[in-house]
Amino acid sequence: MTPRRVLRITSSIEACTWAFLLVAMLFKYVMNPDAGSVLVPFAGAAHGTAFLAYLFFGLVVGASARWSFGLMLVGGLASVPPFATLLFDWWVERSGRLPSGWIHEDADARERGLRADYGGAGVFGKRLDGLVTWTLAHPVTLALIAVAAFVFILAPSLGAALRG
């Protein structure tokens, strides 16, 4: 799994859940309030989970690619407007800011000294090194965290929808 693929998958999922949430809200407020009241909690939980996953993996990819703090901030802010994550993903790929592999796995990059270059992120980038290493070593744990986040986000909103 390359940084390019991780960012593409998470930005696509985040955009799809945005679309799902917008359609659910359209049902709730325009077309069929009863159906929308059931759809919105599911769509909200899915989008909340995808939003958090996109932010997390954006940090991981950005740290591995040695993006500056400003570029990581732009990537995080791209998750706020609908479908902007797709634009950010397209832009960083087209501008050559996405490496073909993880810096920690790329022996040639280490030999060229790229491991020590934090792209202007300084101490912030250096602290994120551990995050990249842990993430690459624990994919199953991350999947379980995503499922737990979905359930914890869904449970309160679903309970409120069923009561109200």
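The table for this structure:
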| quantity | calculated |
| --- | --- |
| Test result for Ser11, modelled with pLDDT under 85 and surrounded by 21 or more Cβ atoms within 10 Å (Cβ to Cβ) | no |
| Residue count for segment 32-54, restricted to those that are surrounded by fewer than 16 Cβ atoms within 10 Å (Cβ to Cβ) and at pLDDT 90 or above | 0 |
| Pairs where the first residue, in segment 4-24, is touching a residue at least 40 places away in the same chain (Cβ under 8 Å) and within 19 Å of Trp91 (Cβ to Cβ) and the second is assigned to a helix (DSSP H, G or I) and among the aliphatic types (A, V, I, L, M), C-beta under 6 Å, 6+ apart | Val6/Val61; Leu7/Val61; Thr10/Ala53; Ser11/Leu86; Ile13/Ala50; Glu14/Ala50; Ala15/Leu86 |
| Filter pass, Gly125 being in a helix (DSSP H, G or I), modelled with pLDDT of 65 or more, open to solvent by less than 40 Å² (accessible area, probe 1.4 Å) and of a type in the set (Gly, Ala, Ser) | no |
| Residue match in segment 55-66 (condition: modelled with pLDDT under 85, crowded, with 17+ Cβ neighbours inside 10 Å and more than 16 Å from the chain's Cα centre (by Cα)) | yes |
| Total residues in segment 71-100, condition in a helix (DSSP H, G or I) and open to solvent by less than 40 Å² (accessible area, probe 1.4 Å) | 9 |
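The values are calculated or read from the model by the stated rules, or taken from the named source; none is laboratory data. Keep in mind that this is a model prediction, so the values were computed, not measured. Cβ atoms come from the backbone with ideal geometry, glycine included; neighbour counts cover every protein chain shown. Accessible surface is based on the protein model in full, side chains and every heavy atom, while ligands, DNA and RNA are left aside. Shrake-Rupley method; radii C 1.70, N 1.55, O 1.52, S 1.80 Å.
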